[in-house]
Amino acid sequence: MTYLKKNTDFHQQMSEHDNTPVNPSDNQSLSSLNLSRRKIIKGSLTAAALNFLGLGLSSQFAFAANNSAKAVTIPFIGFNSVAIQTDPLFDQVIVADGYQAQAFFSWGDPVVTGAAKWNDDASNSWQEQLKQAGDNHDGMHFFAFPNDDSRALLVINHEYVNPTLHPNGMTYRDGKRPLDEVRKEQAAHGVSVIEIQKDKHNQWQRVYPSKYNRRISTLTAMSISGPLAGHDLMKTMNDPDGIEIIGTVNNCSSGFTPWGTYLVCEENWHNYFVNTDVDDYKTRTSHHRYGISTTDKAKNYGWNTVEQRFDATPNQEQAYLGFVNEPNRFGWVVEIDPFDPDSKPIKRTTMGRFCRECVSPSIAENGQMAFYSGDDTRGEYIYKFVPKHRFDKDNVLEHRDYLDQGTLYVAQLNDDGTGNWLPLVQGENGVDASNGFSSQADVLVNARSAADILGATPMDRPEWAAVNQHNLDVYISLTNNDERGDKFTTNAANPRIDNRHGQIVKIKEHNADPAATRFVWQLFLLAGEDEGSTDEQGQIIADNLVGNIKGDIFSSPDGLGIDNDGRLWIMTDYNDEDSAMKNMGCNQVLCANPESGEVKRFLVGPRGCELTGITWSSDYTAMWVNVQHPGISFPASDGITRPRSTTVLISKKDGGVIGS
């Protein structure tokens, strides 16, 4: 239980750092109808929105699938639910009957040729960690080899690190972090690319060694593209040209492109930096609007105590004020070519900078694209990026820089169920020099502030987005916000005060067009307990803890994915030691029917973990899910061994499609 107690305390502290609200605005919807809570819960907003727009229920705007060659069918959920696990010593993964789950890829497993064996006392050096799997597996994607679905590359994010990375946790000596510890933490951040293939028994296995296997970390050199390449806002004393960044951090969720590249998101990067000059901090939007620390130690790991580039305090005696611009070099989408192990990752600055959770693609039949993202902090916004050019599968090599031209939008969800995408364009709608935006580069670095001015809707921790490619409906998880009703007023999309359990919003773009600037939306579900449920003392659960789930209860939806048949998969991230989560047990993976709203619990993870990072094989007979920061001893599950974040492979015992 020692690991569990230490991990629980650490991750609670990390959660507070990550989700501290810094949004000074509380933008209200422009067309509030003052709908009642019960009306919202019953999901009546869609009809209100259609009437507002003068559309009937048979409209193509209401049912985007009419514009698609693919008919939308109700996907069958063909498994029986698994039970909630409330045992405080639960230390395994259980999955629905008829399925099997096995540990596939854990922290410390070999990646790069010549990797050392993982030491269960965490004594591996930072140089050894650079060749091993990183920590805290998160977003990931399966890339099949061309013309060979039995071979693939599995690309996996490593969001951050746990104290268990070191033999005795994270230490300080005379107020400074030991450099070797910091280097190991930096090596355990980033991305792993591993080759996998089916064996003679048709089972997926890791391939080692492989020329494709690769580790990308906080120590990897990266290029800059788009408006910020070479811009003054990117220049530091170590990079006076502003063209190369060392590393990536806090790689939470991810995305992919139709041309076969992987998109890495940099989420809570602000917690790695400090600016101890409080007066400068107050005037520097790129610092204070994101919540960079003003103390002598960065919130997460105190790297600034030993590595100067993480101290963004302006130094008048150094070129470019030292590293005051170093934070500007993080918070971007990083594009990686998984099939070229020698390629240099590229930070695509046209897509904007914030605490981006995901970058989920929507691709229409005519090649029109959009990429949806949540800014995962209480009271922040939903964004989408629309590339200027449509995807042309016949000229992929000619257009590999699709992400360098396009428009970033932020969402405004009106209380009547309509919505608008507001463009973050310099010189328009108050996003101009009078408000501190003298160029598009200013807008992109300070996307949050530009969104404030435009009147975007503050949401309850917007995280993952998932797009149903059958009709291009978009589902967005809003994990929770216990400060709703206090720092942020309620609205139709965020209707509960002290929102402990979160919700999922569904967006329908006008004419199912990813580039549309109008949409309708509805609450797909409110997570929480069944009406009439009781707590440990036998008292009726408070209204703010009650959901409207049609099926198995859960809290705090985070990761989302939609399979080939259109089933919506939901992964949860809540503190299973929190008394409000007593009835929820350990974190879960659930499956929802997007048409009927039915929800079934598919998998339960070990105590203390978050479940995240879903992907499938090309035929959808294999699923991978990440068990992040398990609390006791998973995957050894012996009550003794140091716990390891692990990618789990799930398959159906009869070889069938997952979920069918």
query = Got a number for the accessible area of LEU130? Probe 1.4 Å, square angstrom, nearest 10.
reply = 50
note = Using alpha-carbon positions, the gyration tensor of the stretch 356-508 gives root eigenvalues a ≥ b ≥ c; with a/c under 1.5 called rounded, otherwise prolate if a/b exceeds b/c, else oblate, the class is oblate
inquiry  = Give the separation of the Cα centroids, the stretch 360-410 to the stretch 459-494, in Å.
reply    = 20
message = Could you tell me which residue out of GLY367, PHE330, TYR290 lies farthest along the dipole of the stretch 230-375 toward its positive end? Charges go on the beta carbon: Lys and Arg +1, Asp and Glu -1, centred on the Cα centre.
response = TYR290
message = How large is the accessible surface of VAL599 in square angstrom, using a 1.4 angstrom probe and rounding to the nearest 10?
response = 0
key: Over 14 Å [Cα-Cα, the stretch 579-660], rounded percent   = 68
ask   = Using all Cα-Cα distances in the stretch 521-604, what percent lands in each 5 angstrom bin from 0 up to the longest?
value = 3, 15, 25, 25, 17, 9, 4, 1, 0
For THR407, residues with placed amide H under 5 Å, excluding near neighbours = VAL386, LYS388
inquiry  = At R0 = 35 Å, how high is the FRET efficiency between ILE640 and GLN102 if r is their beta carbon distance? Nearest 0.05 is fine.
reply    = 0.95
query = Where a ≥ b ≥ c are the square roots of the eigenvalues of the C-alpha gyration tensor, would you call the stretch 434-524 rounded, which needs a/c under 1.5, or, failing that, prolate if a/b is larger than b/c, or oblate?
reply = oblate
message = Ignoring GluC sites (Glu not before Pro) that are buried or in helix or strand per DSSP, and keeping those with at most 14 other beta carbon atoms within 10 Å, what is the longest stretch of the chain between them?
response = 1-316
query = Taking N as the number of residues in the stretch 383-431, what is its Cα Rg relative to 2.2 N^0.38 Å?
reply = 1.50
task = Take the Cα atoms of the chain, find their three principal axes, and give me the spread along each one in whole Å, biggest first.
result = 64, 62, 60
ASP26 versus LYS211: modelled label distance in nm, points set 7 Å from Cα along the beta carbon direction = 6.0
task = Taking H placed 1.01 Å from N in the peptide plane, check which residues at least 5 places from ARG289 or on another chain put their amide H under 5 Å from its amide H.
result = none
Exposure ranking of LYS297, LYS282 by accessible area [1.4 Å probe, largest first] = LYS282, LYS297
query = In debye to the nearest 20, how big a dipole does the stretch 501-634 give about its Cα centre with +1 on each Lys and Arg Cβ and -1 on each Asp and Glu Cβ?
reply = 280
Dimensions (Å) - the stretch 64-162, Cα atoms, principal axes, largest first = 57, 44, 25
ask   = In whole Å and largest first, what semi-axes does the C-alpha gyration tensor of the stretch 471-595 yield when each eigenvalue is scaled by 5 and square-rooted?
value = 27, 17, 12
query = Summing -39500 (n - 2.57) over the DSSP H runs of n ≥ 4 in the chain and dividing by its residue number, what mean residue ellipticity at 222 nm do you reach, to the nearest 500 deg cm²/dmol?
reply = -2500 deg cm²/dmol
ask   = Where does each of TYR402, TYR3, TYR172 land when they are ordered by accessible area, with a 1.4 Å probe and the largest first?
value = TYR172, TYR3, TYR402
message = Charges on Cβ only, +1 for Lys and Arg, -1 for Asp and Glu, centred on the Cα centroid of the chain; of GLN197, VAL82, VAL410, which one is farthest towards the dipole's positive end?
response = GLN197
request  = Please give the peptides 407-419, 103-115, 538-550 ranked by average Cβ packing (other Cβ atoms within 10 Å per residue), highest first, as a rough proxy for protection.
outcome  = 407-419, 103-115, 538-550
task = Using amide H atoms built 1.01 Å from N in the peptide plane, name the residues 5+ places from PHE273, or on other chains, whose amide H lies under 5 Å from its own.
result = SER293, LYS299
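The values are calculated or read from the model by the stated rules, or taken from the named source; none is laboratory data. For clarity, every value in this text was computed on a predicted model and none was experimentally measured. Because the Cβ atoms are built from the backbone with ideal geometry, glycine has one as well, and the counts that use them run over all protein chains shown. Side chains are part of the model used for accessible areas, which takes the heavy atoms of the whole protein and leaves out ligands, DNA and RNA. Shrake-Rupley method; radii C 1.70, N 1.55, O 1.52, S 1.80 Å.
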